Amino acid sequence: NPTYVKKVVFPLEIFPLAALGTALVNAAISLVILLPAWGVIHQTVSPTLWLLPLALVPLCCLSVGLAWFIASLGVFIRDIAHPVAILVQVLIFMSGVFFPITAVPEEFQTILRLNPLVTIIENVRRTVLWGEYLEWTSWGIVTACSLVIMQLGFAWFMRTKKAFADVL
């Protein structure tokens, strides 16, 4: 928003955090719908449901880091929304949102597991639907990588932030 950048002293790094907050509220509403339906159909709710916020930590860090990076690039490259939309669609279909990772042949599972979303989605399924604990090793690796991406995205955003007003 050019007005916020040029005329008002405003912490611009909040915009990606606001987008994340909106997505988390939508996820919470969806969970409020899912849990009673799951309870009625299966007569139980997952005992590991309390691990869901922990399973979502890497997703939140990864999302914010990439959002800071892409938001900064979007100031300088106006048409970045189109390739990003295509990339998001490809990532959705390659991350196991619509299928469990075990449905993929073994030789392709290792390739798919390079996508950090696969581990996040599988851990959310384990905690919410299957009543299992997180895969702690893969969760730790993905969380560490997500934290690094978040730090790099923030550093990039803060470094390029100075030129936003000149470009807009």
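The values are calculated or read from the model by the stated rules, or taken from the named source; none is laboratory data. Just so we're clear, the structure is a prediction, and the values are computed from it rather than from any experiment. Note: ideal-geometry Cβ built from the backbone for every residue, glycine included; neighbour counts use all protein chains shown. Just so you know, the surface numbers come from the protein's heavy atoms only, side chains and all, with ligands and any DNA or RNA stripped out. Shrake-Rupley method; radii C 1.70, N 1.55, O 1.52, S 1.80 Å.
The trypsin sites (Lys or Arg not before Pro) of the stretch 4-111 that DSSP puts in a loop, and whose beta carbon has at most 11 other beta carbons within 10 Å, are 7. When Rg and the Kirkwood radius Rh are both evaluated on Cα atoms of the chain, their ratio Rg/Rh stands at 1.03. Counting only Cβ charges, +1 for Lys and Arg and -1 for Asp and Glu, the dipole size of the stretch 31-168 around its Cα centre is about 440 debye. The modelled label-to-label distance for the pair residue 24/residue 48, using points 7 Å beyond Cα in the direction of Cβ, is 2.3 nm.
Per DSSP H run of at least 4 residues, take -39500 (n - 2.57); add these up for the chain, divide by its residues and hand me the 222 nm value, nearest 500 deg cm²/dmol. Write out the running numbers ahead of the final one.
Working: 8 runs with 118 residues, N = 168.
Value at 222 nm, helices only: -23000 deg cm²/dmol.
In the stretch 32-86, the C-alpha radius of gyration followed by the widest Cα-Cα span (Dmax) gives 18.2, 53 angstrom.
In terms of overall dimensions, the C-alpha atoms belonging to the stretch 82-168 reach 51, 28, 24 Å along their principal axes, ordered largest to smallest. A Cβ-based charge dipole, computed about the Cα centre of the stretch 82-146 with Lys and Arg at +1 and Asp and Glu at -1, lands at about 160 debye. Heavy atoms only, probe 1.4 Å: what % of the accessible area of the chain goes to carbon and sulfur, would you let me know? After summing per-atom areas, the C and S share lands at 74 percent. Placing unit charges on the Cβ atoms of the charged side chains and taking the dipole of the stretch 1-142 about its Cα centre, the candidate lying farthest along the positive direction among 32, 69, 136 is 69.
So, for the chain, what is the accessible surface per residue at a probe of 1.4 Å, expressed in square angstrom? Provide the component values of the computation, followed by the final result.
Numbers: 10430 Å² over 168 residues.
Roughly 62 Å² per residue, with all protein chains present.
Heavy-atom accessible area with a 1.4 Å probe sorts 33, 101, largest first, into 33, 101.
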